[in-house]
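The values are calculated or read from the model by the stated rules, or taken from the named source; none is laboratory data. Predicted, not measured: the structure shown is a model, and the values here were computed from it. Because the Cβ atoms are built from the backbone with ideal geometry, glycine has one as well, and the counts that use them run over all protein chains shown. Only protein heavy atoms, including side chains, enter the accessible area calculation; ligands, DNA and RNA are left aside. Shrake-Rupley method; radii C 1.70, N 1.55, O 1.52, S 1.80 Å.
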Amino acid sequence: MKTTWGAPSTGLRLAGVIGAIVLVLDQLTKWAALEHLLEPPRLIEAAPFLNLVLGFNTGVSFGLLENDSVYGPWLLSGAALLVVAVLVVWAARSDNRAEAASFGAIAGGAVGNVVDRLRQGAVTDFIDLHAFGWHWPTFNIADIGITGGVGLLLISGLWPRQTDKQS
């Protein structure tokens, strides 16, 4: 019996495009940060509230669960890839563009951070927002994709879905 695969759903295509954009932007900006902030180590004041400074995160978001275990990057990467697989399935089943875009942004960011973990054992962070002497934990474009995707998913959940009414 021959199995045929249909074309990817609209949700999966949109998620794939958004995910690819986030992943490429993330890896390009991390490459630039490593090239320009590492040797010599330096801090670039980009704006009164924004510094570019290199950091490496061996934990999850905001340095939670940081560890120096040789297995840490593999365990965190495996968990992230499992989440990405679930997001791909949800995107394939979604008929909501905001949801699909959210899934793509989250997945693209997760894969971007997985690439770092597997390549260098830690995630490259370089964006340092600050105000009045207070600094937000340093982050990267992948983190923006993940956070923005979650935010869009939450916002899109506030509006009821349009359904076809049959009388």
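Probe of 1.4 angstrom, ligands and nucleic acids ignored: what's the accessible area per residue over region 79-118, in square angstrom?
Values: 1770 Å² over 40 residues.
Ligands and nucleic acids excluded, the figure is 44 Å² per residue.
Cβ neighbours within 10 Å, averaged per peptide: list 99-107, 81-89 in order, most packed at the top. Display every interim value, and only then the final one.
Numbers: 99-107: 27.1, 81-89: 14.8.
Going from most to least packed, we get 99-107, 81-89.
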